[in-house]
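What follows is one structure encoded as structure tokens, with my remarks underneath.
The values are calculated or read from the model by the stated rules, or taken from the named source; none is laboratory data. Quick caveat, the model's predicted, so the values are computed rather than measured. With ideal geometry, Cβ positions are generated from the backbone for all residues, glycine too; neighbour counts draw on all protein chains shown. Remember, those area values only see protein heavy atoms, side chains included, never the ligands or the DNA or RNA. Shrake-Rupley method; radii C 1.70, N 1.55, O 1.52, S 1.80 Å.
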Amino acid sequence: MIKFIVDENALSDGSHLIHNGSRSCEDMPIFDDQILIGYFANYELAYKRARMSWPTEKIKGCSKCCEA
């Protein structure tokens, strides 16, 4: 299972990035700005869970560590 987190701080376009916490990513937020989504088999499942938790927020995967 892969650990996925979402960045608490939004980007300039208002979206929050999902990161693969099991990979090293240069855009990974600092620990205090990370919200654990959970442990999933792939990005698609983590994205679905994030949408359920934050239905009104813009959420997308990091292009460097998440594969859509």
query: Is it fair to say ILE30 is under 9 Å from the mean Cα position of the chain (by Cα) and β-branched (Val, Ile, Thr)?
result: no
query: Restricting attention to segment 1-21, which residues are of a type outside the set (A, V, I, L, M) and either under 13 Å from ALA46 (Cα atoms) or not in a loop (DSSP other than H, G, I, E, B) (or both)?
result: LYS3, PHE4, ASP7, SER15, HIS16, HIS19, ASN20, GLY21
query: Looking only at segment 24-34, which residues are open to solvent by less than 100 Å² (accessible area, probe 1.4 Å) and assigned to a loop (DSSP other than H, G, I, E, B)?
result: CYS25, ASP27, MET28, PRO29
message: For segment 35-54: of the residues being open to solvent by less than 50 Å² (accessible area, probe 1.4 Å) and under 11 Å from the mean Cα position of the chain (by Cα), which is farthest from GLY21 (Cα to Cα)?
response: ALA50
- request: Taking GLU57 as the residue in question, decide whether it is surrounded by 12 or more Cβ atoms within 10 Å (Cβ to Cβ), touching a residue at least 24 places away in the same chain (Cβ under 8 Å) and touching a strand residue (DSSP E or B) at 6+ places or on another chain (Cβ under 7 Å).
  value: yes
